[in-house]
1. Ranked from the most accessible area to the least, with a 1.4 Å probe and all protein chains present, what is the order of Ser123, Ser30, Ser143?
2. Whole angstrom only: what separates the Cα centroid of region 1-49 from the Cα centroid of region 52-74?
3. Would any residue of region 118-153 have its amide N under 13 Å from a label point 7 Å out along Cα→Cβ of Tyr108? List them or say none.
4. With N set to the residue count of the chain, report its C-alpha Rg divided by 2.2 N^0.38 Å to two decimal places.
5. Could you work out how far apart the two model spin labels at Glu45 and Leu3 are, taking each label as a point 7 Å from the Cα in the direction of the beta carbon, and quote it in nm?
6. Return the distance in nm (one decimal) between the two label points of a simple spin-label model at Asn38 and Phe148, each offset 7 Å from Cα along Cα→Cβ.
7. Compare the peptides 71-78, 135-142, 169-176 by average per-residue count of other Cβ atoms within 10 angstrom and give them in order, highest first.
8. Would you mind calculating the relative contact order of the chain from Cα pairs under 8 angstrom and at least 6 residues apart, reporting the percent as a whole number?
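The values are calculated or read from the model by the stated rules, or taken from the named source; none is laboratory data. Note that the structure is a prediction, hence the values are computed from the model and not measured. For neighbour counting, all protein chains shown are included, and Cβ atoms are generated from backbone atoms with ideal geometry for every residue, glycine included. With ligands, DNA and RNA removed, areas are computed over all heavy atoms of the protein, side chains included. Shrake-Rupley method; radii C 1.70, N 1.55, O 1.52, S 1.80 Å.
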Amino acid sequence: EQLNYSGSVNPSIGDYLYVNNSNIDGAKSSLSVQQSINFITNINEDGTLNNNVTLKRKHNGTAVSPDGTNKNFVRLLIPEKSKVEKFAAIRGNFEKFFNQGALPNNYYLGTESGKSSVNFWMSTVPGDESEMNLTYTPNYKLSMDDSFDYVINFQKQPGANADKVEFTLNYPEEYLPVNVNNIDQS
């Protein structure tokens, strides 16, 4: 726990995203999967937020034993009581592994450690990619006085390969960011 290896869900203020993958009967295929996350936050004039998450998983394996299909159960943890606006299974196999059938809407919602969870199967065969998209509205809004603070916590799953994460923050044009590192204002 002290070394941040436990996988515990971090307490957070503001926005939050934790992508947790559980490879089931995948013969070590997780080592061959590269994951990327594109996260876009839109801050509206009234302080409400709309978030869009695209998760892509590319299987670079060869299908030679022990590598095989990455049968993966994904849990996306987001702020508690967030409202899911849209879930889109864009590419890949989103059928349940055990019952071999699609979940209603390809996902189900839950709660865990004070967060909302969006849960789904996302299996990827060697040489292919899987992709999904989630749009949701967090259960809070920002106070849009002369200034506002937006905070996000991206939590990485311990032991997993590093993800490529791209984050875009769109905000009303009358505001300018301050105290931000590595910003591209284009």
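1. Numbers: Ser123 15, Ser30 50, Ser143 75 Å².
Sorted by accessible area, descending: Ser143, Ser30, Ser123.
2. About 16 Å separates the Cα centre of region 1-49 from the one of region 52-74.
3. What the label zone holds, given the 13 Å backbone N cut-off, is 118-121.
4. Numbers: Rg = 17.6 Å, N = 186, 2.2 N^0.38 = 16.0 Å.
Against the empirical 2.2 N^0.38 Å value, I get 1.10 for the chain.
5. The answer from the label model is 5.3 nm.
6. Result: 2.4 nm between the two label points.
7. Details: 71-78: 21.1, 135-142: 16.9, 169-176: 11.5.
So the order, starting with the most tightly packed, is 71-78, 135-142, 169-176.
8. Values: 414 pairs, mean separation 60.2, N = 186.
Value for the chain: 32 percent.
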